[in-house]
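I have placed the structure first, in the form of structure tokens, so that the comments after it can refer back to it.
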Amino acid sequence: MTRAEFFADCEGLPEEDVRRLCGALSGIAEADRPLLFELVFVDGEEIRALNLSQRGIDKITDVLSFPTMEGIKGQLISSEEHAEELDEADRLLIGSVVINKERAREQAEEYGHSFERELFYLAVHGVLHCLGYDHETEEERAEMRAKEEEVLRKMGLSVDGEEGK
């Protein structure tokens with residue numbers, strides 16, 4: 001198996017930050033092609049409208065994920081099995097992550113850490129959902145949290161002993 005290289009289609013973050021995020025994600029999945037995700041930033045009303053139209057929940061939230069593949073958690077992501085997700089650059093699209101920057105600012109203040117850390121935490125959280133991770137049970141939550149912290153640590157954004165969401 002091959003450690004997946006990540007790429008992001010993103011406007012709203014400096015290219016250096018996008019590269020840093022993608023580099024830190026390296027190794028959390030295995031694939032025979034590079035993996036691509038879309039990262040979109042919206043305001044509270046935009047994410048509320050998306051949450052309502054896509055999930056039937058009329059509520060502002062911090063992050064929404066829209067995976068393109070199912071059953072890929074912990075599996076080799078194969079371009080043969082997911083050929084419909086290959087883009088023109090031969091990368092596999094794993095999904096879209098939509099982040100509410102307003103809520104990220106509020107949560108950073110609420111949790112007592114930087115806006116940068118909260119923003120990247122939400123991005124990593126969303127990407128992990130696109131890779132099939134979830135937090136419905138305590139076991140799933142612990143597994144997902146460990147992956148989040150692994151990536152944030154690689155980015156220099158981990159806060160020892162800090163409780164996350």
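Any read-out appearing in this document is the output of simple, stated calculations on the displayed coordinates, not a laboratory observation. Here the structure is a predicted model, which is why all the values come from computation and not from measurement. Note that we place each Cβ from the backbone using ideal geometry, even for glycine, and neighbour counts take in every protein chain shown.
Tabulated data
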| read-out | value |
| --- | --- |
| Relative contact order computed over the chain (Cα-Cα under 8 Å; 6+ residues apart), in percent | 23 |
| Packing-based exposure ordering (other Cβ within 10 Å, fewest first) of 130, 22 | 22, 130 |
| Highest-MSF residue in the chain out of 153, 103, 55 [GNM, Cα springs under 10 Å] | 55 |
| Net charge dipole size for the range 1-84 [Lys, Arg +1 and Asp, Glu -1 on Cβ; Debye, nearest 20] | 320 |
| Helical mean residue ellipticity (222 nm; -39500 (n - 2.57) per DSSP H run of 4+; nearest 500) of the chain | -13000 deg cm²/dmol |
| Order of 133, 121 under a 10 Å beta carbon neighbour criterion, fewest first | 133, 121 |
| Residue 49-residue 114 pseudo-label distance in nm [points 7 Å out on the Cα-to-Cβ vector] | 3.3 |
| Residues of the range 67-108 with amide N under 17 Å of a point placed 7 Å along Cα→Cβ from residue 146 | 73-75 |
| Most positive-pole-ward Cα, 122, 53, 108, against dipole of the chain from beta carbon charges | 108 |
| Nearest-0.05 FRET efficiency for residue 19 and residue 58, computed from C-beta distance (R0 45 Å) | 0.80 |
| Pair-distance profile P(r), taking every C-alpha pair of the range 14-165, with 5 angstrom steps and integer % | 2, 9, 18, 22, 22, 16, 9, 3, 1 |
| Neighbour-count ranking [beta-carbon atoms within 10 angstrom, fewest first] of 125, 135 | 135, 125 |
